[in-house]
Amino acid sequence: MMKKKYFRYTVFFFVIAFFIMPLQSYGKHIVGGDVTYKFISSQGNNVTFEITFTMYRDSQGGGAQFDNQGRFGLFRGNGNTWSHVRTYIENPMDISTIDIDTGNPCLEVPTGIGVQSGVYRFQVTFEVSAIDSYMIAYQRCCRNNSIFNILDPDVTGAVFSATISPLAQAEGDNSPTFNDFPPVVICANSLLNFDHSATDVDGDQIVYSFCTPLSAGGTDGVNTGVADDCTGITPNPMNCTPPFTEVSFRLPEYRFDDPLGNGVDIAQNTGLISGIPMTLGQFVVGVCATTYRNGVEIGRLSRDFQFNVTNCEIAVQASIGASEIIDGEEFIVNSCGDLDVNFINLSSDATKIFSYDWQFDINGDLVEFDTKDISYTFPDTGRYEGVLLLNNSGDFDNCKDTAYITVNIFPEIIADFEFMYDTCVAGPVDFTNLSTTGAGNILINEWTFEQNEKSDFINPTYTYSSPGVKPIKLAVEDKNECRDSLVQDLTWYPVPSLIIVEPNTFIGCVPATISFNNLSAPIDSTYDVIWDFGDGTTVNEMSPTHIYEEVGNYSISVDITSPLDCQTDTSFGDWIRVLESPEAGFSFTPEMPSIFNRTVDFIDESSGAVSWFYNINGLGFLERNPTYTFPDTGVVEVVQVVTHQTGCTDSFALILDIKPLVTLHMPNAFTPNNDGLNDFFKGKGYFDGFQDYRMNVWNRWGEKVYETLDPDLGWNGKKDNSGNNSPVGVYVYTIQYTGPRGEANELKGHVTLIR
């Protein structure tokens, strides 16, 4: 049995080491590159070609950008002898982000990975040679130090070059161009198939092979040394001429023709790179496309790039809705009494699932479906086996998965019950279980009568405490764990077997307010409860309140009818006795008592009383007509309580206001001659309770001659009571003050000064 994995993407260790480790900006993050040439024209003995250099770099992590003022060297020679012709200084013409093809439809590129291409395009013109080739080359350091299959990758640079042979010069050849960029990320232990083919517009034969990438430059110019040296980060083509050294593979595990060290090959005729990478890591790979015309080699296109091999977990997960799941791969679907089964496909990731293949063994016959969700009618009860295969016909193991399915078609189980009870009697309800199953005995019976009121008896009995429509639920289960349930409504509205009312007796004084608390059960607001209070008044309420306005004895009756027309009643003879009450009342004189008249006489005006009680200013008086002298001003409530010979009482209250009065009288003349008589102009009266007093005096020219805040002080006829004598004449005065209860008062008048 195929063991199923749980599918998640793991961390691409080597890829991330390549893409996001902090690297110096001296060329690191170069992913690869190639150089092509295109014939433009010939004139005399000169020929012109267009050179296209395409460089690929990691666009994440802050590595080196594409070089502005990039230096491209043109060299002439062959074998080990080459000379510098000239240097071309170029800027990238086109920088764009490329779509990274992983080569695997189920492999996602992790976040933070991106590749940009930069294109340098320019023309070169040189003299045609019958014996010498021309090479255009770009030298740059350095490679990523995480590369696994070569020695010293962090100080090993790269050379991207194209060689135009004498035959290519003479015949105006065009180099082939690769069709696609290789996948940046590939899966370990998974089949790799990448078409690395090229197109040749001249129709020349192309032969593909792995070849050794070239090396140039070093780290001089980063911290020490000169960047333009041949061991620097940007070698100067004038001084650094071919032949270039080859990178050093880590022998014997890795070779140029086996760069991944585990038998990944390239097809000579098609350029298909295939095999199963076994080792995790980052690998430099060189691919050459050699062109032949009429059996003679005319040119060679080379590409230097990196393969990043990582663990790829299974990217899809086969899953369906099931009754039980075992180890994440076995799905048990149980159907109880229904031959029609709907299979719900829960497989993920849906974006990576390209085909569904359902297979079931139906009594020896294979039944298949190719849709995502399926429905199938099984022939009979029993056990059936099947599978769900994802991407079954694909080439990538990590893009496939299998769910193993067991379908159990069990016999039907049916929940059923009935109940019996007397609809008018508040007694027990008997339940009878009528459930059936084709599997034999029912093992579980779950009754629910009310919330939190349950039973597991087969045929239970239950008594309700409150009326209403009761939803009764029965859930049953058999040995196959097949379940069924049924809910039926029970209408339970009996009448009480005994009518209970509180109070059970009552003696009160007219007017008598009585609240009748109906304690009978079971009843609720849906019942008709008719009360007859014995005084000609009836009401339909559960627990009413009634006021008896007349003296006498009263019999009470209660009639209860349920929503099902069940009825009961009872009577209470001479249950209520209402006694005669007195009527309290009194008056008082004087009608407006004050601080000057604080003695008050109270006059009884009650009726039917045989005794009296007064509460006056916190003191009790038993006289019928008491007299009381209030010690101070203020508002006082006086209460009278009278008692009838039946013992019934009544009360009456009045509010008395003992007002705090003040008086102020001003003279119309005064004689300040120091004879001791009428020497000062000031008011007379009762000043207790004065607040904010102010008196001002002005002469006839509007000059203020006196002011005081003390009502006991007066004007002596001099300015401010200390200057020269004021002349005889009429003066104006104003007085403002606040009374004892905050009321504002103002007096204005004239006073005559006489000497």
Response to the item:
The one condition residue 514 fails out of (1) out of contact with any Gly (no Cβ under 9 Å at 6 or more places or on another chain); (2) under 30 Å from residue 651 (Cα atoms); (3) assigned to a strand (DSSP E or B) is (1)
Worksheet item: Can you tell me which residues in the range 715-749 are surrounded by fewer than 13 Cβ atoms within 10 Å (Cβ to Cβ) and within 16 Å of residue 684 (Cα to Cα)?
Response: 746, 748, 749
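Just one of 709, 664, 654 is assigned by TED's automatic domain parsing to the domain that holds residue 605 and either without any contact (Cβ under 8 Å) to a residue 60 or more places away in the chain or out of contact with any helix residue (DSSP H, G or I) (no Cβ under 9 Å at 6 or more places or on another chain) (or both); which is it? Steps first, please.
Details: 709 fails: assigned by TED's automatic domain parsing to the domain that holds residue 605; 664 fails: assigned by TED's automatic domain parsing to the domain that holds residue 605.
It is 654.
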Practice prompt. Would you check if residue 702 is more than 60 Å from the chain's Cα centre (by Cα), outside the structural domain of residue 629 (by TED's automatic domain parsing), part of a loop (DSSP other than H, G, I, E, B) and not β-branched (Val, Ile, Thr)?
Written response: yes
Worksheet item: What number of residues within the range 134-150 satisfy the criterion of being among the aromatic types (Phe, Trp, Tyr) and outside any loop (DSSP other than H, G, I, E, B)?
Response: 2
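With the structure loaded, tell me whether residue 146 is closer than 22 Å to residue 240 by Cα, buried (at least 18 other Cβ atoms within 10 Å of the Cβ) and in the same structural domain as residue 49 (by TED's automatic domain parsing) or whether it fails that test.
Working: closer than 22 Å to residue 240 by Cα: no; buried (at least 18 other Cβ atoms within 10 Å of the Cβ): yes; in the same structural domain as residue 49 (by TED's automatic domain parsing): yes.
No: the conditions fail for residue 146.
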Response to the item:
Counting only strands (runs of 3 or more DSSP E) wholly inside the range 423-478, the ones holding at least 2 residues that are in contact (Cβ under 8 Å) with a residue 12 or more places away in the chain and surrounded by fewer than 13 Cβ atoms within 10 Å (Cβ to Cβ) are 468-478
Discussion item. So, in the range 577-603, exactly how many residues are in contact with a Ser or Thr (Cβ under 9 Å, 6 or more places away or on another chain) and either closer than 19 Å to residue 647 by Cβ or surrounded by 19 or more Cβ atoms within 10 Å (Cβ to Cβ) (or both)?
Written reply: 11
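From the residues in the range 652-677 that are in contact with a strand residue (DSSP E or B) (Cβ under 9 Å, 6 or more places away or on another chain) and loosely packed, with under 14 Cβ neighbours inside 10 Å, which one is modelled with the lowest pLDDT? Give the steps one after another, and end with the answer.
Of the range 652-677, the ones in contact with a strand residue (DSSP E or B) (Cβ under 9 Å, 6 or more places away or on another chain) are 652-672.
Now narrow it down to the ones that are loosely packed, with under 14 Cβ neighbours inside 10 Å: 653, 655, 657, 663, 665, 668-669.
Numbers: 653: 97, 655: 96, 657: 94, 663: 88, 665: 92, 668: 94, 669: 95.
Step by step, filter the range 652-677, then rank; the result is 663.
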Discussion item. It is to be established whether one or more residues within the range 378-388 are over 29 Å from residue 487 (Cα atoms), touching a residue at least 60 places away in the same chain (Cβ under 8 Å) and part of a strand (DSSP E or B).
Written reply: yes
Worksheet entry | Complete set of residues in the range 336-390 that are aromatic (Phe, Trp, Tyr) and touching a strand residue (DSSP E or B) at 6+ places or on another chain (Cβ under 7 Å) | 343, 356, 358, 360, 369, 376, 378, 384
Discussion item. Being of a type in the set (A, V, I, L, M), free of Cβ contacts under 8 Å to residues at least 40 places away in the same chain and closer than 30 Å to residue 113 by Cα narrows it down to one residue among 353, 326, 362, 374; which is it?
Written reply: 353
Item to complete: Would you confirm whether any residue within the range 125-133 is farther than 27 Å from residue 275 by Cβ, assigned to a strand (DSSP E or B), of a type in the set (D, E, K, R) and modelled with pLDDT under 95?
Response: no
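The values are calculated or read from the model by the stated rules, or taken from the named source; none is laboratory data. Since this is a predicted model, take the numbers as computed values, not measurements. Methodologically, a virtual Cβ is constructed for each residue, glycine included, from the backbone with ideal geometry; neighbour enumeration extends over all protein chains shown.
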